[in-house]
Structures are given as C-alpha cells and as structure tokens.
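The values are calculated or read from the model by the stated rules, or taken from the named source; none is laboratory data. All values reported here derive from a predicted model rather than from experimental measurement. Every residue, glycine as well, gets a Cβ built from its backbone with ideal geometry; the counts of neighbours run over all protein chains shown.
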Amino acid sequence: MQLANVTGVGIGRDELSGEDVIVVFVTRAVPRELLPADDVVPDELEGVPVRVLAIGPVDAQDQES
C-alpha cells in the first residue's frame, strides 16, 4: 500500500472479535476526515476487515554478526 503514513501491512486477529484481520501499520493516527480521500485506509479488503495500528516511525537497524 502506498498511502501516506503507512509503514507496513500484516495479518492478525482482532482482540475483541477473534476474527482474522489485515493490520495496516501507520506512523501516527490521523482522523479520516483530515486525510485526502486517496490516503484513507479502507475498512475492508476483499471481504477481510482492516485494522489500523499506529506504531510510530520505523527505522532500519544494523544487523550485528
């Protein structure tokens, strides 16, 4: 996904309902009404619910041998 703020996408399980969901990781939570329409994360993709999780900035780390 090439939406503003999106840093990653994964799969998970909703903590309340227990259903499988797509998790979209974002740097910060932004209310839908403040986002351009092209940057709004959909509520579902191909029938699978989507959850947005704000995790802050993501930086690559050096791997030590």
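Taking LEU35 as the residue in question, decide whether it is surrounded by 11 or more Cβ atoms within 10 Å (Cβ to Cβ), of a type outside the set (S, T, N, Q) and at pLDDT below 90. In short, no. Somewhere in the stretch 7-24, is a residue assigned to a loop (DSSP other than H, G, I, E, B), of a type outside the set (Asp, Glu) and on the phi > 0 side of the Ramachandran plot? Among the residues of the stretch 7-24, at least one is assigned to a loop (DSSP other than H, G, I, E, B), of a type outside the set (Asp, Glu) and on the phi > 0 side of the Ramachandran plot, which makes the answer yes. Part of a helix (DSSP H, G or I) and either more than 10 Å from ASN5 (Cα to Cα) or not small (Gly, Ala, Ser) (or both), is that true of ASP62? Answer is no for this residue.
Number of residues in the stretch 43-55 that are surrounded by fewer than 12 Cβ atoms within 10 Å (Cβ to Cβ), part of a loop (DSSP other than H, G, I, E, B) and either of a type outside the set (Asp, Glu) or touching a residue at least 40 places away in the same chain (Cβ under 8 Å) (or both): the value is 1.
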